[in-house]
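Asks: Starting off with a structure, shown below.
A short reminder: the numbers here are calculations on the coordinates, not readings from a lab. Remember, predicted model here, so these are calculated numbers, not experimental data. Virtual Cβ from ideal backbone geometry, glycine too; neighbours counted across all protein chains shown.
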Amino acid sequence: MAIITLGLNHNTAPVSIRERLAFPTEYVGQALRNLIRLPGFEEAAILSTCNRTEFYCGIQGTNRERLIDWIAEAQRLKREDFQPYLYTHNDSATIRHMFRVASGLDSLVLGEPQILGQMKTAYQAATEAGTLGKTLGKLFQHTFAAAKKVRTDTAIGSSPVSVAFAAVRLARRIFEDLSQQTAILIGAGETIELTARHLAENRIGELIIANRTYDRAHTLAQQFNGFAISLAELPKHLARADIVVSSTASQLPILGKGSVESALKARKHKPMFMVDLAVPRDIEPEVAQLRDVYLYTVDDLQNTVEENLRSRQEAAKQAEEIIDIEVVHFINWLRAQGATRTIRDFRSHAEIIRDEALERAQHSLKAGRPAEETLELLAHLITNKLIHTPSTQLRHAGIHERHDLIAAARELFQLKDSD
């Protein structure tokens, strides 16, 4: 059985294509059960995220074209709509690819940890659908172990590499427990959404999203159990904010020194942490002069991000070395499976010989023959039975000059050359 990967990701396909191939979580199970009915498909799993859709399959023969046809039918697409964006990996390349994906080495953000959880979700869905067999099941388990080793033995995920992540990491240094803090996020674009996600993961106490378009703010706030306000309402709520992060496309500052100063008075000068990720700036530079404000700009954080990215790239080199070793380990396991049936059959054959010899020995004892003579009989019967067939085959190999078989036998039985 061959192991293949067929998929597309952020490197090969635009979002307009990726979203058309995405499989919603609730449909993955049925999709897998349909996929496994295709002739030649023995095992299958689907990984579907915002940045990639990948199919991991155990197949007999060459079934790439059949899989592409199935995808087109399942997603109601034409082959030519998505086929140019696809990549394929076979056998050892599939093993390496899965290890790299789970370790965050193939991610949009190098070393991001979310993908490992998404891989585990794909594994769980395939397990529940009954489409994982021994090979893919073992490959997923080895994938998780390899990713854990990469996380443990390298610094691949130890440093933030987005300004949103860096902002939240900095907030955690100032406020040890974010569950006791209120955050106001100004804007509703990708950076603010990412900041909201990181704050929610760190259990922010209260989350308020302010935006010029209220509906957009409301939609975003709902995802993270926050609530929305319009920009016009911002002055009324600013005093509640321990953390303020702003990222809008405004050409003029949204927060001036006066409004922040008023908020600080209402807070009785309780410190306020502010991050301005906008260009042009959303927060007047003069706000930094206020005694109880910690104001950071995108430039302050960008230097940290660039340094951390260099650190992750160095860690990625170490991660690739770990993956090289883990790929070899799994390939060795796969190869060993080819001998498993032969080992099992050989052991069964030996046990039959043992049982037959033991039965004759027991009859010999019951007939009154001495124990020493019976033991010799037992040893003789077992030895003759075990070596009879190999000896016959080796004799034929010599007659037909099968020197390869003779050499293999010497290696298999670890026979030393006689003087």
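Asks: Report, by chain and number, residues whose modeled amide H sits under 5 Å from the one on L295, excluding near sequence neighbours (fewer than 5 apart, same chain).
Replies: M274
Asks: Along Cα→Cβ, 7 Å out, is where each label goes; now give me the distance between the ones at R20 and Y87 in nm to one decimal.
Replies: Output for this residue pair reads 2.1 nm.
Asks: Match the structure shown to one of the listed values (i) 33.6; (ii) 27.3; (iii) 19.8 of mean projected area of the Cα convex hull in nm², computed from it, and give that label.
Replies: From the options (i) 33.6; (ii) 27.3; (iii) 19.8, the structure gives (i).
Asks: If I build a Gaussian network model for the chain, linking alpha-carbon pairs within less than 10 angstrom, which residue out of A367, A171, A44 has the largest mean-square fluctuation?
Replies: Highest fluctuation of the listed residues: A367.
Asks: Right, next: Quick one: which residues, 5+ away or cross-chain, put their amide H under 5 Å from the amide H of A210? H built at 1.01 Å from N.
Replies: HN-HN under 5 Å from A210: L185, I186, G187, I229.
Asks: Something else now. Counting Lys and Arg as +1 and Asp and Glu as -1, each charge on the Cβ, what is the dipole of the chain about the Cα centre in debye, to the nearest 20?
Replies: Result for the chain is approximately 640 debye, rounded to the nearest 20.
Asks: Still on this model: Could you list H237, H396 in order of exposure, starting from the residue whose Cβ has the fewest other Cβ atoms within 10 Å?
Replies: Ordered from fewest to most neighbouring Cβ atoms within 10 Å, H237, H396 come out as H396, H237.
Asks: Go ahead and estimate [θ] at 222 nm for the chain from helices alone: -39,500 (n - 2.57) per DSSP H run with n ≥ 4, summed, over the residue count, rounded to 500.
Replies: -18500 deg cm²/dmol
Asks: Go through region 303-315 residue by residue and turn each phi into a ³J(HN,Hα) via Karplus (6.51, -1.76, 1.60, θ = phi - 60°); whole Hz please, and just put x for glycine and proline.
Replies: Coupling constants for region 303-315: 4, 5, 4, 5, 5, 5, 5, 4, 5, 5, 5, 5, 5 Hz.
Asks: When only C-alpha pairs under 8 Å and at least 6 residues apart count, what is the relative contact order of region 343-412, in percent?
Replies: Answer for region 343-412 is 25 percent.
Asks: Given the pairs K78/K138; K149/K317; K138/K317; K78/K134; K120/K148, which are separated by over 23 angstrom at their Cα positions?
Replies: K78/K138; K138/K317; K78/K134
Asks: Oh, and also: Output ³J(HN,Hα) for region 398-405: one whole-Hz value per residue in order, computed from phi by the Karplus curve 6.51 cos²θ - 1.76 cosθ + 1.60 with θ = phi - 60°, and x for Gly and Pro.
Replies: x, 4, 9, 6, 8, 5, 5, 5
Asks: Identify which of A164, A102, A379 has the largest mean-square fluctuation in a Gaussian network model of the chain, with springs joining Cα atoms closer than 10 Å.
Replies: For the chain, modelled as a Gaussian network with Cα springs under 10 Å, the answer is A379.
Asks: With springs only between Cα atoms under 10 Å, which of F224, F330, F140 fluctuates most in a Gaussian network model of the chain?
Replies: F224
Asks: Here's a follow-up. So if we plug the beta-carbon distance of T383 and T121 into 1/(1 + (r/R0)^6) with R0 = 60 Å, what FRET efficiency do we get, rounded to 0.05?
Replies: My answer for the efficiency is 0.60.
Asks: For the chain, what does the relative contact order come out to in percent, with C-alpha contacts under 8 Å and a separation of six or more?
Replies: 12
Asks: Sort Y85, Y56, Y296 by Cβ crowding within 10 Å, fewest neighbours at the top.
Replies: Listing Y85, Y56, Y296 from fewest to most nearby Cβ atoms yields Y85, Y296, Y56.
Asks: If neighbour count is taken as other Cβ atoms inside 10 Å, put E376, E112 in order from fewest to most.
Replies: Lowest to highest Cβ neighbour count: E376, E112.
Asks: Here's another thing I want to ask about it. With charges only on Cβ, +1 for K and R and -1 for D and E, what is the dipole size of region 359-419 about its Cα centre, in debye, rounded to 20?
Replies: Computed about the Cα centre, the dipole is about 280 debye.
Asks: Still on this model: Hey, what do the phi angles of region 112-126 turn into as Karplus ³J(HN,Hα) couplings, whole Hz, using 6.51/-1.76/1.60 and θ = phi - 60°, x for Gly and Pro?
Replies: Result, rounded to whole Hz: 5, x, 4, 5, 5, x, 5, 5, 5, 5, 4, 4, 5, 5, 5.
Asks: Same structure again: Amide H neighbours of E42 under 5 Å, counting only residues 5+ apart in sequence or on other chains, H built in-plane at 1.01 Å?
Replies: G58, I59, Q60
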